[in-house]
Amino acid sequence: GNVYNTVQIGTQTWLKENLKVTKYNDGSDIPNITDPVEFSASRSGAYCWYDNDAATYKDDYGALYNYFAVMDSRKVCPTGWHVPSDNDWTELIDYLGGDEVAGGKLRETGTTHWIADPGVDNSTGFTALPGGWVYDIYGFDAMGGNGEWLSTTESEVMGVWAQNIFSSSLRIAKYSDFKNAGYSVRCLKDE
């Protein structure tokens, strides 16, 4: 029941919004775990809304998903789309001139959603928003200051590669993050 706009960047077609589904493609529910500690203890698919407030955050920022939801065989992206791998993100970043400038070309301009605007231009139309994250005792954090998007590529036993854009920078930075934390998801059209 969600409608998404798309944007073409180089040879890739991306959703222009963060994912906000609450069901897998087969119609089964993705568990909504509202307590950050319980969310982080889960080793199966889960999602939540930032601060458990769908009315405020769903439309603009989408949901926060753990790696286990992203990798579930029932799939979270619409049919014909997939959660990008680390290589998919690298292709996008390289096309935009590298990680030092790509964040500024991907994120929304102004300070409606971001804490600061260091001269970004959103020249791609990707319109990345700072949806924050959720993890363990830290709870919900970084709304307005940080956007982080999952990939499907593992970085270590409990890690997954994710891309981060920070409010104060034009950069996009790859980090190894926790599989059991909750981050934003952007879907990429299948080739």
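A few points about this structure:
- Neighbourhood net charge (12 Å Cβ-Cβ; Lys/Arg +1, Asp/Glu -1) for Arg171: +1
- Model label points for Ser123 and Ser168, set 7 angstrom from Cα along the Cα-to-Cβ axis, are 2.5 nm apart.
- Solvent-accessible area assigned to carbon and sulfur over the chain amounts to 48 percent, based on a 1.4 Å probe.
- Summed side-chain charge close to Asp35 - residues other than Asp35 whose Cβ falls under 14 Å, Lys, Arg +1, Asp, Glu -1: -3
- Modelled FRET efficiency - R0 35 Å, Ala55 with Ser155, Cβ distances, 0.05 increments: 0.55
- Of the residues Glu154, Glu91, ranked by 1.4 Å probe accessible area with the largest first, the sequence reads Glu154, Glu91.
- Annotation: amide H of Thr6 within the under-5 Å range of Lys16, sequence separation 5 or more or interchain, hydrogens built in the peptide plane.
- For the chain, taking a cut-off of 4.7 Å between Cβ atoms, the unpaired cysteines are Cys48.
- Over segment 19-119, relative contact order from alpha-carbon pairs under 8 Å, at least 6 apart, %: 21
- Net charge of neighbours whose Cβ lies under 15 Å from the Cβ of Asp94, counting Lys and Arg as +1 and Asp and Glu as -1: -2
- DSSP-defined beta bridges in the chain - what % are antiparallel, rounded to 5: 90
- Applying the Karplus relation 6.51 cos²θ - 1.76 cosθ + 1.60 with θ = phi - 60° to segment 170-187 yields 3J(HN,Hα) values of 8, 6, 10, 10, 8, 10, 8, 10, 6, 5, 9, 8, x, 9, 6, 9, 10, 9 Hz, where x marks Gly and Pro.
- In this simple spin-label model, placing a label point 7 Å from the Cα along the Cα-to-Cβ direction at both Val7 and Ile137 gives a separation of 3.8 nm.
- For segment 160-183, backbone nitrogen atoms closer than 17 Å to the point 7 Å from Ser42 Cα along Cα-to-C-beta are found at 178-183.
- Average projected area [Cα convex hull, segment 1-147], square nanometres: 9.0
The values are calculated or read from the model by the stated rules, or taken from the named source; none is laboratory data. Because the structure is predicted, anything quoted here is derived from the model rather than measured. Here Cβ is always computed from backbone atoms with ideal geometry, including for glycine, and neighbour counts include all displayed protein chains. Heads up: the accessible areas ignore ligands, DNA and RNA and are worked out on the full protein's heavy atoms, side chains in. Shrake-Rupley method; radii C 1.70, N 1.55, O 1.52, S 1.80 Å.
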